[in-house]
1. Can you tell me which condition residue 139 does not meet? The list is (1) more than 12 Å from the ligand (Cβ to nearest atom); (2) within 20 Å of residue 59 (Cα to Cα); (3) over 12 Å from the mean Cα position of the chain (by Cα), and all the others hold.
2. Out of (1) within 12 Å of the ligand (Cβ to nearest atom); (2) closer than 30 Å to residue 263 by Cβ; (3) among the hydrophobic types (A, V, I, L, M, F, W, C); (4) touching a helix residue (DSSP H, G or I) at 6+ places or on another chain (Cβ under 8 Å), the odd one out for residue 41 is which?
3. Can you go through 235, 216 and tell me which one is within 28 Å of residue 97 (Cβ to Cβ), assigned to a helix (DSSP H, G or I) and among the hydrophobic types (A, V, I, L, M, F, W, C)?
4. Out of all the residues in segment 89-98, is one or more assigned to a strand (DSSP E or B), of a type in the set (Phe, Trp, Tyr) and within 11 Å of the ligand (Cβ to nearest atom)?
5. Can you tell which of 46, 58 is within 12 Å of the ligand (Cβ to nearest atom), under 23 Å from the mean Cα position of the chain (by Cα) and surrounded by 14 or more Cβ atoms within 10 Å (Cβ to Cβ)?
6. Mind checking which residues of segment 1-33 are within 12 Å of the ligand (Cβ to nearest atom), at pLDDT below 95 and not small (Gly, Ala, Ser)?
7. Would you be able to say whether some residue in segment 133-141 is in a helix (DSSP H, G or I), small (Gly, Ala, Ser) and in contact with a helix residue (DSSP H, G or I) (Cβ under 6 Å, 6 or more places away or on another chain)?
8. Quick check: anything in segment 91-102 without any contact (Cβ under 8 Å) to a residue 24 or more places away in the chain, out of contact with any strand residue (DSSP E or B) (no Cβ under 7 Å at 6 or more places or on another chain) and not charged (D, E, K, R)?
Amino acid sequence: SLETLELDPEDLELVLEVGSGQFGLVWQGEWRDLKVAVKMVREGAMSEEEFKEEAQVMKKLSHPKLVQLLGVCLHRSPSFLVFEFMEGGCLNNYLRCHRGALSQDTLLGMCLDVSEGMAYLESSNFIHRDLAARNCLVSEDLSVKVSDFGMTRFVLDDQYTSSQGTKFPMKWSAPEVIKYCRFSSKSDVWAFGILMWEVYTEGRLPYENRTNTEVLEDLNAGMRLLKPRLAPQSLYELMQWCWKEKPGDRPSFTVLLHELASVLEL
Ligand code: ADP
């Protein structure tokens, strides 16, 4: 099972519908006594031929702070993707449902978990492209793992993938992504700064009442999100470092990981 990507559908049992996403419905399921999440792929939602090649690479990415891809079933319709199951659901909902009940150590621990997963992706030269609290999941033991890495490349919806589209994640996108589609680990770092802001506001929407166009104007004018009330100054300084205009002026995830770990030790 470690080598084979293509799973036998006979081994898979669907138990309960748990959500829906860009590609279609997500089910809780069982695969060889293991609790799994099954993403069903709606017809026409995914560029499956391209994904097939990349799935091999993605399956080999393995880290305690990444949601593991266990396998796929791409030779029948609908296709599906099988991941480890995450009991706590997505991070932004988790934050919203536990407002007022999350300690400073918990908030910092969430940022640290994500930075660990991202430092691993960075060292694997793998760009996430859509890092946000909605694309992180919470496990049974309350650790946070990074999900959906690299998947936007296979989304067949212009509204989502074009920076002019209505579903484009402008509020998480670095300036060079918005202007030139120039993705890198440093544009992931920008998004990580926004994610830290989401954590410390307990799941608020960034630039809440502003349209994508207004956000772009504000960014160009040098404006940035304000310090969340719950964020210590040192954490806000890390966010601001992530939001430097020039990609080269931003820290790497390796550096962020060490900075966050040293705040935790204080
Ligand atoms: P997509 O990537 O297709 O947009 P999402 O990853 O947003 O789909 O998944 C939609 C919903 O399904 C999530 O908000 C979450 O509630 C649930 N979900 C996704 N992956 C898992 C998982 N591995 N374990 C548990 N629930 C999951």
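The values are calculated or read from the model by the stated rules, or taken from the named source; none is laboratory data. Every value quoted in this text rests on a predicted model; they were computed, and no experiment measured them. No Cβ is skipped: glycine too gets one built from the backbone with ideal geometry, and neighbour counts run over all protein chains shown.
1. Just one mismatch for residue 139, condition (1).
2. (2)
3. Values: 216 fails: within 28 Å of residue 97 (Cβ to Cβ).
None of the others qualify; the one that does is 235.
4. Looking through segment 89-98, none of the residues is assigned to a strand (DSSP E or B), of a type in the set (Phe, Trp, Tyr) and within 11 Å of the ligand (Cβ to nearest atom).
5. Values: 58 fails: within 12 Å of the ligand (Cβ to nearest atom).
After ruling out the rest, the residue left standing is 46.
6. If the condition is that a residue be within 12 Å of the ligand (Cβ to nearest atom), at pLDDT below 95 and not small (Gly, Ala, Ser), then 22, 23 are the ones that fit.
7. yes
8. So in segment 91-102, the residues without any contact (Cβ under 8 Å) to a residue 24 or more places away in the chain come out as 97, 101.
Narrowing the set further to residues that are out of contact with any strand residue (DSSP E or B) (no Cβ under 7 Å at 6 or more places or on another chain) leaves 97, 101.
Adding the requirement that they be not charged (D, E, K, R) leaves 97, 101.
Yes, the conditions are met somewhere in segment 91-102.
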